[in-house]
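S.K.: Questions regarding the structure given below will be posed in turn.
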Amino acid sequence: MHDIKISFAKTEDSYFFYYLRNELCARNNSQTTSFVSTENHDKWYNAKLLSSKDVILVGRLNTIRIGVCRFEFIDSNQFIVSYSLVPAMRGKRLSYQLLYKSIHKLKNIVEGDFNLIANVRDSNIASRKLLESLNFKEVYTISSDHSFIKYTFNL
């Protein structure tokens, strides 16, 4: 088994997030499928780094960045979770470790109980299976065309 290390994102990780956000498969599975400009990404990324409520993490295998996980604060006890792996690492069962370890890192810094919400494209079978393997519960379909499913996880 590979041992993924999770660390807080830093300024020098910006391009890695930008690359994963604009990677075609990731865009196709996202709620926002459009390409993100460097300028818009830089504004978003810098705001996330400065946020005292949002948490953005990088997963590394040895010293190589292989994925990211983000927890966007909604309210006092809820975060929206999103994650992505570099294309070369997909299908190797690394997303489980990435998300599992990221959730535990978040649990170490957030006081009290909280809920995670993941909005997954219905056709993204790999993400649906991943979330279910981590005991996320399917709640309901969240878009009028039934293309996204909402999952929740209570900690």
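Here, each number is a calculation from the coordinates, and none is a lab measurement. As the structure is a computational prediction, the values presented were derived from the model and not from experiment. We place every Cβ from the backbone using ideal geometry, glycine too, and count neighbours over all the protein chains shown.
S.K.: Across all directions of projection, what mean area in square nanometres is found for the Cα convex hull of the stretch 1-83?
M.R.: So the Cα hull casts an average projection of 6.3 nm².
S.K.: Can you give the helix-only mean residue ellipticity at 222 nm for the chain, where every DSSP H stretch with n ≥ 4 adds -39500 (n - 2.57) and the sum goes over all residues, rounded to the nearest 500 deg cm²/dmol?
M.R.: That comes out to -10000 deg cm²/dmol.
S.K.: Would you please put 111-121, 75-85 in order of how densely packed they are, using the mean number of other Cβ atoms within 10 angstrom per residue and starting with the highest?
M.R.: 75-85, 111-121
S.K.: For the chain, compute Rg over Rh where Rg is the Cα radius of gyration and Rh is the Kirkwood radius from the inverse mean 1/r over Cα pairs.
M.R.: Looking at the chain, the ratio lands at 0.93.
S.K.: Here is a further query. Past 24 Å, Cα to Cα: identify those pairs from Lys53/Lys150; Lys10/Lys137; Lys43/Lys129, in the order given.
M.R.: Among Lys53/Lys150; Lys10/Lys137; Lys43/Lys129, the Cα-Cα distance tops 24 Å for Lys10/Lys137; Lys43/Lys129.
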